[in-house]
1. Around Asp22, what is the net charge, scoring Lys/Arg as +1 and Asp/Glu as -1 over all other residues with Cβ under 13 Å from its Cβ?
2. Which value does Rg/Rh take for the chain over its C-alpha atoms, Rh per Kirkwood?
3. Using Cα atoms only, what is the angle between the long axis of helix 121-135 and the major principal axis of the chain, expressed in degrees (0 to 90) to the nearest 10?
4. How long is the gain from Lys78 to Leu27 if the chain were fully straight, where each residue apart is worth 0.36 nm and the alpha carbon distance is subtracted?
5. Gain in length, Lys6 to His121, computed as 0.36 nm per residue apart minus the alpha-carbon separation, to one decimal in nm?
6. Report ³J(HN,Hα) in whole Hz for each residue of region 10-19, in order, from the Karplus equation J = 6.51 cos²θ - 1.76 cosθ + 1.60 where θ = phi - 60°; Gly and Pro get x.
7. Taking θ = phi - 60°, what integer Hz values does the Karplus form 6.51 cos²θ - 1.76 cosθ + 1.60 yield along region 49-55, in sequence order, with x for Gly and Pro?
8. Testing the spin-label approximation: label points 7 Å from Cα along Cα→Cβ at Lys20 and Ile110. State their distance in nm.
Amino acid sequence: MFLLHKRLKHIKMRLNDWNKKDFGNILVEKKSVENKIQELNQVMIKEGFDKDKNEQVEKHHEDWDNLCKQEEIFWRQKSRVQWLKEGERNTIFFHRSTMANRAHNRISSIKNEEGQIHQSHEGIEAMLVQHFRDIT
């Protein structure tokens with residue numbers, strides 16, 4: 001049991017590193033792109049229209065659209081909602097669904113064979129460990 005826990009922890013750490021390296025933090029990147037667009041727009045207001053700066057703004061808008069799609073996918077995957085159509089940017093709904101799933105996936109109490117209810121983390125853990133020892 002300890003080896004399995006250790007291996008799962010190691011896999012989780014490696015997956016987190018891979019996620020940060022390949023995808024980064026979508027929300028931070030999205031905010032960064034928004035700031036770049038705003039800065040370029042302010043420069044164009046002060047200095048007048050510039051074709052190069054306008055092309056940069058358009059490129060940043062494309063990046064922003066892609067990040068919005070990634071954010072939507074992120075929250076859809078986290079919320080386990082599969083029935084919504086592509087293109088909806090209802091991330092608040094996905095976020096709330098995720099939080100509801102987290103609350104639902106929690107074991108707050110467990111009843112043993114004698115009918116006693118355990119609500120402490122230690123009691124629940126002891127009951128689960130004992131159950132899996134008994135079935136092996």
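The values are calculated or read from the model by the stated rules, or taken from the named source; none is laboratory data. In this text, all values refer to a predicted model and were calculated from it rather than measured experimentally. Because the Cβ atoms are built from the backbone with ideal geometry, glycine has one as well, and the counts that use them run over all protein chains shown. Ligands, DNA and RNA are excluded from the accessible area calculation, which covers all protein heavy atoms including side chains. Shrake-Rupley method; radii C 1.70, N 1.55, O 1.52, S 1.80 Å.
1. Working: positive: Arg14, Lys20, Lys21; negative: Asp17, Glu29.
Net charge in that neighbourhood comes out at +1.
2. Numbers: Rg = 23.7 Å, Rh = 19.5 Å.
Reported Rg/Rh (Cα atoms, Kirkwood Rh): 1.21.
3. Orientation of helix 121-135: about 70 degrees from the principal axis.
4. Values: separation 51, 0.36 × 51 = 18.36 nm, distance 1.47 nm.
Working it through step by step, the gained length comes to 16.9 nm.
5. Working: separation 115, 0.36 × 115 = 41.40 nm, distance 1.98 nm.
Net length gain for the segment: 39.4 nm.
6. 5, 5, 4, 4, 5, 5, 4, 4, 4, 4
7. 5, 9, 4, 5, 5, 5, 5
8. Between Lys20 and Ile110, the simple spin-label model gives 3.2 nm.
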